[in-house]
Amino acid sequence: MKTIFTLTTIVLIVIASLVSAISFKFGNYNVSALLTLTSFLSSVLWIHVVSSKKVILR
């Protein structure tokens with residue numbers, strides 16, 4: 001279950017980043033900024049959860 005969650009999270013972060021880049025290319029700057037912020041915060045949260053000593057990874 002942990003592997004599925006990890007892979008799904010990584011894929012969603014990458015997809016949000018790609019959609020953000022495409023939105024910026026076509027001039028949708030607000031959507032691009034929102035997706036960039038979402039990708040960044042998701043990545044930071046994912047790294048924090050994975051590296052936290054309180055979470056037992058089995």
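Values in this text are rule-based calculations from the coordinates and carry no lab data. Quantities reported herein were computed from a predicted structural model and do not represent experimental measurements.
Once Cα extents along the principal axes in Å is calculated for the structure shown, the corresponding label among [x] 42, 20, 20; [y] 44, 18, 9; [z] 37, 32, 19 turns out to be [y]. Ellipticity at 222 nm from helices only: DSSP H runs of n ≥ 4 in the chain, each -39500 (n - 2.57), divided by the residue count, give -28500 deg cm²/dmol.
With contacts defined as alpha carbon pairs under 8 Å and 6 or more residues apart, what's the relative contact order of the chain in percent? All intermediate terms of the calculation are to be shown ahead of the outcome.
On the way: 28 pairs, mean separation 16.4, N = 58.
Relative contact order comes out at 28 percent.
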